[in-house]
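The values are calculated or read from the model by the stated rules, or taken from the named source; none is laboratory data. Since this is a predicted model, take the numbers as computed values, not measurements. So basically every Cβ, Gly included, is an ideal-geometry build from the backbone, and we count neighbours across all protein chains shown. All accessible areas refer to the heavy atoms of the entire protein, side chains included, with ligands and DNA or RNA removed. Shrake-Rupley method; radii C 1.70, N 1.55, O 1.52, S 1.80 Å.
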Amino acid sequence: MAICTGCSLLCQDIEASVSEGKLTKAKNLCRKGHGHFQASFSERTSPMIGRKQVDLNQAIARAAEILRSAKSPLLFGWSNSTLEAQRVGISLAEKLGATIDDTSSFCQGSLMESILSGRLPSCTLDDVRNYADTSIFWGADPSNSHPRHLSRFSYYPRGEKRQKSYEEERTCLVVDVRMSATAALCKENLFRVSPGGDAEFIEAILSVLAGKIPRVGDKKKMIELGTMLKKTEWGAIFPGPGLVYSLQGNMEILEKLLARLNEITVFKVVPMVGHFNMRGFNELLREKTGHINRVSFKGGEIVHGPEQSVMTAAKSCDAALIVGYDPLSSLPFATAQALARLPLIAIDPHRSLTTDAAEVVIPAAISGLEAGGTAVRTDGVKIEFEPIIEPGLPADEQILKRIMEAI
Amino acid sequence: MALELSIITIRDIFQDEAGKKSRYSEEYKSQSALIILDKQDLAGLGVKDGQSLLVKNDVGSVVVSARLSEDTHPGLAFMPNSPWSNQLVSDATCEAGIPGFKGIKAAVQPAEASAAVTDISEILSRIKG
Ligand code: SF4
């Protein structure tokens, strides 16, 4: 059995085999996971300095040199690395007095913070499979982002208390600005919000739950929603980036809604993390520093705040190490531009805009497929895995250790 | 004629798959360099599904291909989250430090006949400056 690191569900039931550079067997992989496995055969990186091919030792030595001479380096990425590699990364940041940040910084960080600090009640996806009769996808479209979410956990499976499953015992609701692929599955239960209108929508739910007439939305539909929520025995809300962006990271109103719902019945929140081990990084850094992201170790002190976020640090740092992520493709134009002006070191299995703009490229094994380790599933369950291919490439963890030794 | 639209970025499994395999493939380009418009907006622009549109704001501009939405959402458009959409995303953030990936405002108009859909190599050279 293999594991898939294609998304943060970390499916462990994958039967895959590879021979002669081809995926010869693939069972239980979703389309996204299949793409992830297939990608191991295309556009792989090789060690480079200044766009010229070098050997791995030279690339590592040059990376160490850049980081050693930088006054305020930024270490960024991390969501696609194992816990083992993340741990070395945090030590490296400490040693360098660097700023360290991950992808949660511009996306789901505030939600993760709320969950890890216990302000939002959470549970595992196994609990969802066993007990949930209502699943609410809010600004989330698992059919595209976490394709096996509904089949493994939230809608189709026959859980311990939900043997009659979706035919009779489970309802799935979608709150979204559009008819997403997931919304199309539970059509009459799509509740449309206007862009940025989620806070207002939550207020409307709170009104309905208090027996008042809601100010926004289709009143009849809102009252129906209120009734569905009240009738729920065990509910789960899955907030996606749509909700976090719409609330502009302000989780208080969501916390208020959950507190109210839990006065009536049981409702939990399970995040929909994108990359396979973002949560792992957030947990590790929080253990070490009290903060899930955006931390500077400059002068041996721990400083946390917007100044330490990749969005700001990209402009103020003088070198950056990017691990397993492609910020030049994924971040706003001006931030990508700021990063591209720096001496960049990219540790990545795959060619990307970032590796193409980097001063140093260090190829790595793909976690899950080619390197073992541990990762934290989106719901907080720790999962260990072994590689299925031996590529002869070092994993992030080994590369980072070697950089650290060289510094 | 140009339309001022709000653009929300979305995830798409086919685009994601193509991007994992290669950022430089035609497949990734065709799954990313697109904007999904309401029927009414498409008609307002006088273009058909598949024609090229110039999408432009203070941050930047891209030429992408128009797609007819199966849903109704006049004034609102969707783009897969990609280097193309990021050409239009400002680095200004809200208080929590989150940029407006899902709140892009841009003017959309038919592209000139000679304008090809923006290539990823063009995007990379703009980023490198
Ligand atoms: S749902 Fe996620 S982890 Fe599971 S097979 Fe698909 S991509 Fe892989």
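Restricting to region A:20-53, what's the tally of residues that are in contact with an Asp or Glu (Cβ under 9 Å, 6 or more places away or on another chain), within 12 Å of B:K20 (Cα to Cα) and more than 16 Å from the ligand (Cβ to nearest atom)?
Number satisfying all stated conditions: 0.
Find the residue count for region A:107-151, including only residues that are within 29 Å of B:G97 (Cα to Cα) and without any contact (Cβ under 8 Å) to a residue 24 or more places away in the chain.
Number satisfying all stated conditions: 2.
Check A:S72 against each of (1) within 16 Å of the ligand (Cβ to nearest atom); (2) surrounded by fewer than 18 Cβ atoms within 10 Å (Cβ to Cβ) and name the one condition it does not meet.
Failed condition: (1).
Kindly establish whether A:S79 is at pLDDT 95 or above, within 16 Å of the ligand (Cβ to nearest atom) and away from every other protein chain (no Cβ under 14 Å).
yes
Identify all residues within region A:1-19 that are open to solvent by less than 60 Å² (accessible area, probe 1.4 Å) and away from the ligand (no atom under 12 Å from the Cβ); write none if there are none.
In the first step, residues of region A:1-19 are kept if they are open to solvent by less than 60 Å² (accessible area, probe 1.4 Å); the result is A:2-11, A:13-19.
A:S17, A:V18, A:S19, listed by residue number.
Any idea which of B:S61, B:S32 is within 13 Å of another protein chain (Cβ to nearest Cβ), under 14 Å from the mean Cα position of the chain (by Cα) and farther than 30 Å from A:H36 by Cβ? Walk me through it before giving the result.
Details: B:S32 fails: farther than 30 Å from A:H36 by Cβ.
Result of the check over B:S61, B:S32: B:S61.
Of the residues that make up region A:148-164, is at least one more than 24 Å from A:N277 (Cβ to Cβ) and within 14 Å of chain B (Cβ to nearest Cβ)?
No: zero hits.
Count, please, the residues in region A:270-309 that happen to be within 16 Å of the ligand (Cβ to nearest atom), in a loop (DSSP other than H, G, I, E, B) and either in contact with a Pro (Cβ under 8 Å, 6 or more places away or on another chain) or within 14 Å of chain B (Cβ to nearest Cβ) (or both).
Of region A:270-309, the ones within 16 Å of the ligand (Cβ to nearest atom) are A:270-280.
Pick out the ones that are also in a loop (DSSP other than H, G, I, E, B) and you get A:270-277.
Then drop every residue that is not either in contact with a Pro (Cβ under 8 Å, 6 or more places away or on another chain) or within 14 Å of chain B (Cβ to nearest Cβ) (or both), which leaves A:271-276.
Residues meeting the conditions: 6.
Within region A:252-285, track down each residue that is of a type in the set (D, E, K, R) and surrounded by fewer than 18 Cβ atoms within 10 Å (Cβ to Cβ).
A:E252, A:E255, A:K256, A:R260, A:E263
Within region A:286-304, track down each residue that is touching a residue at least 40 places away in the same chain (Cβ under 8 Å), under 18 Å from A:M251 (Cβ atoms) and open to solvent by 60 Å² or more (accessible area, probe 1.4 Å).
A:R286
Only one of these conditions is not met by A:V361: (1) touching a strand residue (DSSP E or B) at 6+ places or on another chain (Cβ under 9 Å); (2) assigned to a loop (DSSP other than H, G, I, E, B). Which number is it?
(2)
Just one of (1) within 16 Å of the ligand (Cβ to nearest atom); (2) within 14 Å of another protein chain (Cβ to nearest Cβ) trips up A:L125, so point out which.
A:L125 satisfies every listed condition except (2).
If a residue has to be open to solvent by less than 10 Å² (accessible area, probe 1.4 Å), more than 14 Å from chain B (Cβ to nearest Cβ) and in contact with a Phe, Trp or Tyr (Cβ under 7 Å, 6 or more places away or on another chain) to count, how many in region A:339-386 make the cut?
Residues in region A:339-386 being open to solvent by less than 10 Å² (accessible area, probe 1.4 Å), more than 14 Å from chain B (Cβ to nearest Cβ) and in contact with a Phe, Trp or Tyr (Cβ under 7 Å, 6 or more places away or on another chain): 1 in total.
Looking at (1) assigned to a helix (DSSP H, G or I); (2) more than 9 Å from chain A (Cβ to nearest Cβ), which is the one condition that is false for B:A77?
(1)
If you scan region B:85-129, which residues turn out to be assigned to a strand (DSSP E or B) and either open to solvent by 60 Å² or more (accessible area, probe 1.4 Å) or polar (S, T, N, Q) (or both)?
Residues satisfying the conditions are B:T93, B:K105, B:Q109.
Look through region A:234-251, keep the residues that are in contact with a strand residue (DSSP E or B) (Cβ under 7 Å, 6 or more places away or on another chain) and open to solvent by 10 Å² or more (accessible area, probe 1.4 Å), and return whichever of them is nearest to the other protein chains (Cβ to nearest Cβ).
If we take residues in region A:234-251 being in contact with a strand residue (DSSP E or B) (Cβ under 7 Å, 6 or more places away or on another chain) and open to solvent by 10 Å² or more (accessible area, probe 1.4 Å), then A:G242 is nearest to the other protein chains (Cβ to nearest Cβ).
Which numbered condition in (1) in contact with an Asp or Glu (Cβ under 6 Å, 6 or more places away or on another chain); (2) assigned to a loop (DSSP other than H, G, I, E, B) is the only one that A:C123 fails?
Of the numbered conditions (1) in contact with an Asp or Glu (Cβ under 6 Å, 6 or more places away or on another chain); (2) assigned to a loop (DSSP other than H, G, I, E, B), the odd one out for A:C123 is (1).
Quick test of your reading of the structure: A:R178 fulfils all but one of (1) within 16 Å of the ligand (Cβ to nearest atom); (2) in a loop (DSSP other than H, G, I, E, B). Name the failing condition by number.
(1)
For region A:134-144, does any single residue satisfy the condition of being more than 16 Å from the ligand (Cβ to nearest atom) and away from chain B (no Cβ under 14 Å)?
Checked against the condition, which is being more than 16 Å from the ligand (Cβ to nearest atom) and away from chain B (no Cβ under 14 Å), region A:134-144 yields at least one hit.
Residues that are surrounded by 22 or more Cβ atoms within 10 Å (Cβ to Cβ), within 16 Å of the ligand (Cβ to nearest atom) and under 21 Å from A:P327 (Cβ atoms): does region A:82-103 have at least one?
Yes: region A:82-103 contains one or more residues that are surrounded by 22 or more Cβ atoms within 10 Å (Cβ to Cβ), within 16 Å of the ligand (Cβ to nearest atom) and under 21 Å from A:P327 (Cβ atoms).
Exactly one condition in (1) open to solvent by 40 Å² or more (accessible area, probe 1.4 Å); (2) more than 9 Å from chain A (Cβ to nearest Cβ) is false for B:A66; which is it?
It fails just one condition, (1).
For region A:29-48, give me each residue that is away from every other protein chain (no Cβ under 14 Å) and surrounded by 18 or more Cβ atoms within 10 Å (Cβ to Cβ).
A:P47, A:M48, listed by residue number.
Of the conditions (1) touching a residue at least 12 places away in the same chain (Cβ under 8 Å); (2) open to solvent by 30 Å² or more (accessible area, probe 1.4 Å); (3) in contact with a strand residue (DSSP E or B) (Cβ under 7 Å, 6 or more places away or on another chain), A:A63 clears all except one; give me its number.
Just one mismatch for A:A63, condition (2).
If a residue has to be without any contact (Cβ under 8 Å) to a residue 60 or more places away in the chain, over 21 Å from the mean Cα position of the chain (by Cα) and not in a loop (DSSP other than H, G, I, E, B) to count, how many in region A:376-404 make the cut?
1
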